[in-house]
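None of the figures in this text is laboratory data; all of them are computed from the coordinates on show. The shown structure was predicted, so the numbers you read here are calculated from the model rather than taken from an experiment. Note that each Cβ is placed from the backbone with ideal geometry, even for glycine, and that neighbours are counted across all protein chains shown.
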Amino acid sequence: MKKTLTETDEASEIRYDDIDEIIEIAARKKHAAAELLRLEDVREVGNELGISDEHVEDAIAELERRRKKEAEQEKKRRDLLKKCAAGVAGGAVLIGGIAMLSSQQLRSDLNDARQQRSQVANVVDRHEQTAQYFADRDDSLDRSAELQGALNRVSVETRRYDEAASRYNGRATGFPATLWTSLFGLPDELPLSDEIDDW
């Protein structure tokens, strides 16, 4: 069993650095002891004021009950504060999780729309190349089929882009999505095909 400082054989075992702290603790204890009165002292004061010992003891008991009740209420208040803090922390974690999921979905939709826009740009280029290739040629079934096929590919990919852009725009509007778009540097809205001049 470890000995306390007062149980050690030599006073030199007390570290010099601990003296200030020891004196401070001793002074606090002395001050606290000076503020305490014995029951006999309280009765004597009561008697000097014409108050019976019975009334003094009842008052002491009432004060102890009041202090106990106050301590219980303070404990309940601290417990409630701890629960509230835990609730706030849990709410913050939940909001953070929702933000992450929402931002990931927005980013995924944005990437889909960007890829689809690139696809439209590719088929528009192919359509222009096809149109140039057949510009000097006579009308034929092959020419008509190639030009119509290139135009159909542009139409299909443009529709797919509009669907992807609309999906992103639907997710990016309203609260809290607008908060996530500004917070994560995402566009507020993507243009639809009829608003784009140059793919």
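Computed from Cα positions, the angle between helix 19-34 and the longest principal axis of the chain comes to roughly 60 degrees. Taking the number of Cβ atoms within 10 Å of each Cβ as an exposure proxy, the fewest-first ranking of T178, T158 is T178, T158.
Residues W180, W199, ranked from the fewest to the most other C-beta atoms within 10 Å, line up as W199, W180.
Pairs K29/K83; K30/K83; K30/K69: which exceed 31 Å Cα-Cα?
Details: K29/K83 35 Å; K30/K83 38 Å; K30/K69 28 Å.
Check vs 31 Å cut-off fails for K29/K83; K30/K83.
Taking the charge dipole of the chain about its Cα centre, with +1 at Lys and Arg Cβ atoms and -1 at Asp and Glu Cβ atoms, the residue from L147, A71, L37 reaching farthest to the positive side is L147.
Throw me the Rg/Rh for the range 119-164, computed over C-alpha atoms with Kirkwood Rh, two decimals. It would help to have the intermediate numbers written out before the result.
Values: Rg = 11.6 Å, Rh = 10.9 Å.
Over the Cα atoms of the range 119-164, Rg/Rh equals 1.06.
The phi torsions of the range 60-65, fed into the Karplus equation with coefficients 6.51, -1.76 and 1.60 and a -60° offset, translate into couplings of 5, 4, 5, 4, 5, 5 Hz, rounded to whole numbers, with Gly and Pro shown as x.
Which one, (i) 330; (ii) 118; (iii) 257, gives volume of the Cα convex hull per residue in Å³ as derived from the coordinates shown? Looking at volume of the Cα convex hull per residue in Å³ for this model, the match is (i). Taking the number of Cβ atoms within 10 Å of each Cβ as an exposure proxy, the fewest-first ranking of F184, F134 is F184, F134. Backbone geometry of the range 132-137 corresponds, through the Karplus equation with coefficients 6.51, -1.76 and 1.60 at θ = phi - 60°, to 3J(HN,Hα) couplings of 5, 4, 8, 4, 9, 9 Hz, x marking Gly and Pro. Taking a straight line from the alpha carbon of K75, these aspartates and glutamates sit under 17 Å away, with near neighbours fewer than eight places off in the same chain left out: E64.
Return the Rg/Rh value of the range 101-195, two decimal places, where both radii are evaluated on C-alpha atoms and Rh is the Kirkwood radius.
On the way: Rg = 17.8 Å, Rh = 14.9 Å.
Rg divided by Rh gives 1.19.
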